[in-house]
1. Calculate how many DSSP beta bridges within the chain are antiparallel, expressed in % of all such bridges and rounded to the nearest 5.
2. In what sequence do 295, 48, 57 fall when counting other Cβ within 10 Å, fewest first?
3. Could you order peptides 154-163, 252-261, 28-37 by the average number of other Cβ atoms within 10 Å of their residues, highest first?
4. Along the charge dipole of region 129-208, pointing to its positive end and built from +1/-1 on Cβ of Lys, Arg, Asp and Glu, which listed residue (198, 134, 187) has its Cα farthest out?
5. Could you give log10 I(q)/I(0) at q = 0.14, 0.24 Å⁻¹ for region 79-178, computed by the Debye formula over C-alpha point scatterers of equal weight, without solvent?
6. Please report 20, 292 as a ranked list, fewest other C-beta atoms within 10 angstrom at the top and most at the bottom.
7. Name the residue from 322, 218, 208 whose Cα lies farthest towards the positive end of the charge dipole of the chain, charges +1 on Cβ of Lys and Arg and -1 on Cβ of Asp and Glu.
8. Could you please rank 234, 136, 289, placing first whichever residue has the fewest other Cβ atoms within 10 Å of its Cβ?
Amino acid sequence: MSGFSYPVLVADIGGTNCRLSLVPEAGARHEPLARIGTGSHPTPEAALESVLSTLSLRPRSAVLAVAGPLQGQSAQLTNANWHFDGPKIAQALGLEQGLLVNDFEALAASLAVLGDRDVETLVPGKPEPKGLRLVMGPGTGFGASALIARGQRGVLVPTESGHIGVGPEDPTEEKIWPSLTAGLPRVTVEGLLSGDGLVRFHRAVASQSGLLEADVSAADITKLALDGDPVALMAVVCFWRLLARVAGDLALAFKATGGVYIAGGIVPRLLSLADLPTIHAVFCGKPPMEDLAALFALHVITAHDAAEQGLAAIAAAPARFGLDDPERLWVG
């Protein structure tokens, strides 16, 4: 399959927000259409139609990125109640063809098209040009996916790495761990490295400081930290440290010699608070594998539309990413 029929609807559908764009023709840049709240309509079909009904030219196909595990032509959001059935969506919206991908598959595909201006390097490492690249990051949840180069093609590997267990590794973490993990049925990466996780860090730091935590959101904590609030600053420091540790662990798990890329809406806002020496030490401090870990590079994707860029690249040439799979492609 050389590509989808244009115009192509591309959508990045997370647990909180759904961003819709249209790629009018092959090679064109995506054009933003709308940003709506996930769950603002009873079904994804109704949500998508609420935007498409306003267009003079409707899309002929769609590539939809969904924040949850996929099973062929269907998917379920992990942190919201929307269920996606590809053929049903095609029929409801009058689409000729389409594809569901994991949201981090879309971000992994974007690594093939992003430019230097779209990323900021935290740890330079010694990346291999054809090495496996891993994209991961916190948002409403936590996701990770890999891009493996195979000649002119790539293979996308979606994962559910956010649901692996995690425990304390240094004295500071051990001190705040009981407060940090209180009420969690199972302590996972996603439970701590997410918007809710940042709130948990703030609560735990406040508790250890003998303070009554204010009712704050992740966005509030970011603003407070940028303004110099000591509790919020320490919460962000702890968040960054755990994020660097998990990034290094996943780099080892995937042998990500092409580099690790942090994506999502949270981390770019915290870049000015990143302690680079500490991040480098934690990311690479993996005895007895220090020599291998020293090769890994760590970057932050700063482009706000990276997922849409990845979806547009998939729409243009699904075979480029091993997505010309008849078990995943659907028609109306």
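Each reported figure results from applying straightforward, stated rules to the coordinates on display, with no laboratory input. Everything numeric in this text was worked out from a predicted model, so none of it was measured. Heads up, the Cβs are rebuilt from the backbone with ideal geometry, glycines too, and the neighbour counts pull from every protein chain shown.
1. 65 percent
2. 57, 295, 48
3. Peptide ranking by packing, descending: 252-261, 154-163, 28-37.
4. Going by the charge dipole, the pick is 134.
5. -0.80, -1.30
6. On the way: 20 24, 292 14.
Going from sparsest to densest Cβ surroundings: 292, 20.
7. 322
8. With the fewest neighbours first, 234, 136, 289 line up as 289, 234, 136.
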